[in-house]
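K.L.:
The structure is given below, and queries will be raised subsequently.
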Amino acid sequence: MTDLLLSLGSNAQARSLFRTLGLPIPLPATLRRARGPVSDRELADKKILFAAHADAPLASMCASALARAGADCYLDDFEPLRERFRGPCEAFGRGPHALALLNESTKLDGVVVDLSSASAVGDLRVLYSSLRGTVTRLRPSGRVVVLAASAAEGDAEKRATQQAIDGFVRSLAKELGRNGSTANLLRVKDDSESRAGAALTWLLSARSAFVTGQCLEVTSSARTVNANTGTHNRALEGKTALVTGAARGIGAATARALARDGAHVVCVDRQDDGALSALARELSGRAVALDIAAEDAGESLRALFAERPLDVVVHNAGITRDKTLARMTDAHWDDVLAVNLRSIVETTRALEPALREGARIITLSSVAGIAGNTGQCAYAASKAGVIGWTRAESARLASRGITVNAVAPGFIETKMTEAMPVAIREAARRLSALAQGGRPEDVAEAIAFFASPAAQGLTGHVLRVCGGALIGA
Ligand code: NAI
């Protein structure tokens with residue numbers, strides 16, 4: 001589907017004409033996206049500024065993660081932090097450098113602010129003072145990541161302070177969207193610092209291009225199965241993944257991303273009209289034609305994986321049957337609930353014995369499941385149900401080291417959204433911080449990240465991949 005404003009936005013002359021005429025239509029920025037496989041050096045040569053409140057508890061974790069990923073670290077307040085950064089940075093020949101020595105016109109690729117020790121309202125000033133001057137130096141498609149503590153621990157003032165950061169980041173995300181930049185919040189629980197580096201790297205990388213205004217919390221809830229928590233090339237080598245609804249759209253992009261990362265992918269879709277088997281051939285995977293809402297779908301999958309343990313399950317297949325409640329039929333209601341929700345409950349139950357310790361389950365929810373939407377009572381119910389199921393199963397399976405996370409896409413350019421009336425489609429694209437629709441690959445990158453061994457610290461999440469959609473935000 002062509003997005004005319006996005007095409008115009010990528011043309012320098014058109015941008016300048018729109019500016020000169022003062023047209024009240026924002027031209028969306030072309031987002032910088034990752035190409036090719038995940039690498040050990042996802043942030044190679046990126047200039048990342050680190051600033052912090054007081055004692056910066058997460059400085060050493062940041063220094064290791066940034067230097068390992070190939071970034072050049074700049075420090076706002078150089079002397080107090082230099083020693084904490086020196087070891088990790090010098091091990092990779094990467095600074096650290098004082099921001100004051102960087103030419104004022106040189107752009108930054110990202111800013112990380114550690115507010116994890118902020119416990120009083122006055123501490124929040126660091127957000128304002130460290131970011132006010134630097135956000136204007138962010139390159140297009142730049143990144144801001146604020147690090148914080150859990151907002152559910154400490155006295156009332158500490159919890160107020162930590163919760164305040166959430167409002168700040170969501171607002172900043174809306175302001176930065178104009179140039180394709182993002183702002184996200186990463187909470188790190190006290191005992192989980194060693195698991196936080198991978199999430200920080202991902203949020204700073206080009207793979208999170210359509211994720212903005214979001215909060216992830218790193219915890220030690222899911223038992224450690226593999227102590228290796230770094231970001232790696234071919235991290236899914238030797239693993240088996242199942243993707244439902246893989247014939248097209250987000251499912252096909254996800255199958256490709258998981259295969260790129262080394263997984264053997266079993267691609268399931270209702271029927272195989274050629275696209276499914278072509279994809280499986282391309283990925284050296286396997287095509288399975290199966291209606292996941294059929295009574296015996298669980299049994300069929302259990303038999304399929306009886307001899308082959310499963311490492312990753314992506315419950316992606318989904319349908320819409322948009323009708324207002326007054327016009328909805330029994331079939332509309334039953335089909336949507338059966339495919340989008342009941343199938344997840346039942347097929348996972350059947351597959352549980354095949355799940356390896358440390359496996360990954362990723363479900364597809366939707367922004368509609370968070371905010372609700374006219375004509376989508378059934379769809380939104382099914383997608384909200386997915387969130388409830390994801391949270392409950394994440395807690396139940398944590399002792400086996402299995403993580404369960406939901407991805408909630410906003411407006412993504414696929415056949416599903418192509419079917420929307422033009423006016424609604426256009427509004428859905430523009431009513432977001434990034435003022436455009438996402439691509440199936442954007443959702444696939446989030447799924448591939450949750451599927452990676454490095455994401456052990458993330459479970460029970462609902463990550464919106466929505467470009468900062470205003471709906472339900
Ligand atoms: P799509 O309609 O392009 O692809 C869905 C795939 O699922 C199709 O290949 C279809 O044949 C398959 N499928 C449907 N019912 C099935 C069944 N009973 N058994 C096996 N396969 C079945 O959809 P899209 O856009 O790629 O969406 C993927 C997921 O993301 C869905 O769960 C959807 O609800 C969710 N989502 C998509 C959004 C978007 O903007 N595209 C927004 C929010 C959520």
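K.L.:
Kindly evaluate ARG349 against the criterion of being of a type in the set (Lys, Arg), in a helix (DSSP H, G or I), within 16 Å of the ligand (Cβ to nearest atom) and open to solvent by 60 Å² or more (accessible area, probe 1.4 Å). Lay out the reasoning, then the answer.
P.N.:
On the way: of a type in the set (Lys, Arg): yes; in a helix (DSSP H, G or I): yes; within 16 Å of the ligand (Cβ to nearest atom): no; open to solvent by 60 Å² or more (accessible area, probe 1.4 Å): yes.
Judged against the criteria, ARG349 is not a match.
K.L.:
If you don't mind, another one. Find the residue count for segment 407-431, including only residues that are near the ligand (Cβ under 10 Å from one of its atoms) and small (Gly, Ala, Ser).
P.N.:
4
K.L.:
Check off (1) more than 12 Å from the ligand (Cβ to nearest atom); (2) over 18 Å from ALA255 (Cα atoms) for ALA359 and give me the number that stays unchecked.
P.N.:
Of the numbered conditions (1) more than 12 Å from the ligand (Cβ to nearest atom); (2) over 18 Å from ALA255 (Cα atoms), the odd one out for ALA359 is (2).
Conditions tested, residue by residue: (1) more than 24 Å from VAL121 (Cα to Cα); (2) in contact (Cβ under 8 Å) with a residue 60 or more places away in the chain; (3) within 15 Å of the chain's Cα centre (by Cα); (4) assigned by TED's automatic domain parsing to the domain that holds ASP40.
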| residue | (1), (2), (3), (4) |
| --- | --- |
| SER171 | no, no, no, yes |
| LYS174 | no, yes, no, yes |
| SER192 | yes, yes, no, yes |
| ARG195 | yes, yes, no, yes |
| ALA198 | yes, yes, yes, yes |
| LEU203 | yes, yes, yes, yes |
| SER208 | yes, yes, yes, yes |
| VAL211 | yes, yes, yes, yes |
| ASN226 | yes, yes, no, no |
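K.L.:
Given the conditions (1) touching a residue at least 60 places away in the same chain (Cβ under 8 Å); (2) more than 16 Å from the ligand (Cβ to nearest atom), report the number of the one that ARG327 does not fulfil.
P.N.:
So ARG327 meets the others, but not (1).
K.L.:
Taking interchain pairs and intrachain pairs at least six residues apart, which have beta carbon atoms under 6 angstrom, with the first residue in segment 44-56 and closer than 16 Å to GLU83 by Cα and the second charged (D, E, K, R) and buried (at least 22 other Cβ atoms within 10 Å of the Cβ)?
P.N.:
Hits for this filter: ALA52/ASP114; ALA56/ASP114.
K.L.:
Any residue at all in segment 355-369 that's closer than 22 Å to ASN226 by Cα, among the hydroxyl-bearing types (Ser, Thr, Tyr) and in contact with a strand residue (DSSP E or B) (Cβ under 6 Å, 6 or more places away or on another chain)?
P.N.:
Scanning segment 355-369, I find no residue that is closer than 22 Å to ASN226 by Cα, among the hydroxyl-bearing types (Ser, Thr, Tyr) and in contact with a strand residue (DSSP E or B) (Cβ under 6 Å, 6 or more places away or on another chain), so the answer is no.
K.L.:
Scan segment 401-412 and tell me whether some residue there is β-branched (Val, Ile, Thr), more than 27 Å from SER220 (Cα to Cα), outside any loop (DSSP other than H, G, I, E, B) and touching a strand residue (DSSP E or B) at 6+ places or on another chain (Cβ under 7 Å).
P.N.:
Yes; the residues of segment 401-412 include at least one that is β-branched (Val, Ile, Thr), more than 27 Å from SER220 (Cα to Cα), outside any loop (DSSP other than H, G, I, E, B) and touching a strand residue (DSSP E or B) at 6+ places or on another chain (Cβ under 7 Å).
K.L.:
For a quick check of your reading: which strands (runs of 3 or more DSSP E) sit entirely within segment 260-316 and have at least 3 residues that are open to solvent by 10 Å² or more (accessible area, probe 1.4 Å)?
P.N.:
In segment 260-316, 286-289 are the strands (runs of 3 or more DSSP E) which contain 3 or more residues that are open to solvent by 10 Å² or more (accessible area, probe 1.4 Å).
K.L.:
Here's a check for you: in segment 415-473, which residue that is β-branched (Val, Ile, Thr) and assigned to a loop (DSSP other than H, G, I, E, B) is nearest to TRP389 (Cα to Cα)?
P.N.:
My answer is THR459.
Condition check ((1) surrounded by fewer than 18 Cβ atoms within 10 Å (Cβ to Cβ); (2) within 12 Å of the ligand (Cβ to nearest atom)) across all residues:
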| position | (1), (2) |
| --- | --- |
| GLY372 | yes, no |
| ARG391 | yes, no |
| SER394 | no, no |
| ARG400 | yes, no |
| ALA433 | no, no |
| PRO453 | no, no |
| ARG464 | no, yes |
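K.L.:
All but one of (1) assigned to a helix (DSSP H, G or I); (2) among the polar types (S, T, N, Q); (3) at pLDDT 95 or above hold for SER141, so report the exception by its number.
P.N.:
That leaves (1) as the condition not met.
K.L.:
Okay, next question. Cβ-Cβ below 9 Å, separation at least six or inter-chain, first residue in segment 404-429 and in contact (Cβ under 8 Å) with a residue 40 or more places away in the chain and of a type outside the set (Asp, Glu), second within 7 Å of the ligand (Cβ to nearest atom) and in a strand (DSSP E or B): which pairs?
P.N.:
ALA406/LEU364; VAL407/LEU364; ALA408/LEU364; PRO409/LEU364
K.L.:
To continue, here is another question. Run down ASP272, ASP311 and say which single residue is of a type in the set (Asp, Glu), within 15 Å of the ligand (Cβ to nearest atom) and assigned by TED's automatic domain parsing to the domain that holds THR347. Talk me through it step by step, then tell me what you get.
P.N.:
Working: ASP311 fails: within 15 Å of the ligand (Cβ to nearest atom).
Among ASP272, ASP311, only ASP272 is of a type in the set (Asp, Glu), within 15 Å of the ligand (Cβ to nearest atom) and assigned by TED's automatic domain parsing to the domain that holds THR347.
K.L.:
Restricting to strands (runs of 3 or more DSSP E) lying wholly in segment 164-253: which have 3 or more residues that are open to solvent by less than 10 Å² (accessible area, probe 1.4 Å)?
P.N.:
Working: elements: 182-188, 215-218, 240-244.
Per the criteria, 182-188, 240-244.
K.L.:
Continuing with the same structure: Which residues, taken from segment 334-343, are open to solvent by 10 Å² or more (accessible area, probe 1.4 Å), more than 8 Å from the ligand (Cβ to nearest atom) and either in contact with a helix residue (DSSP H, G or I) (Cβ under 7 Å, 6 or more places away or on another chain) or over 17 Å from VAL404 (Cα atoms) (or both)?
P.N.:
Selection gives ASP334, ASP335, LEU337, LEU341.
K.L.:
OK, next. Just for segment 310-343: of the residues that are among the basic types (Lys, Arg) and out of contact with any Asp or Glu (no Cβ under 7 Å at 6 or more places or on another chain), which one is nearest to VAL386 (Cα to Cα)?
P.N.:
Residue satisfying both the conditions and the ranking: ARG342.
The values are calculated or read from the model by the stated rules, or taken from the named source; none is laboratory data. Because the structure is predicted, anything quoted here is derived from the model rather than measured. Virtual Cβ from ideal backbone geometry, glycine too; neighbours counted across all protein chains shown. Just the protein is used for accessible areas: all its heavy atoms, side chains included, with ligands, DNA and RNA removed. Shrake-Rupley method; radii C 1.70, N 1.55, O 1.52, S 1.80 Å.
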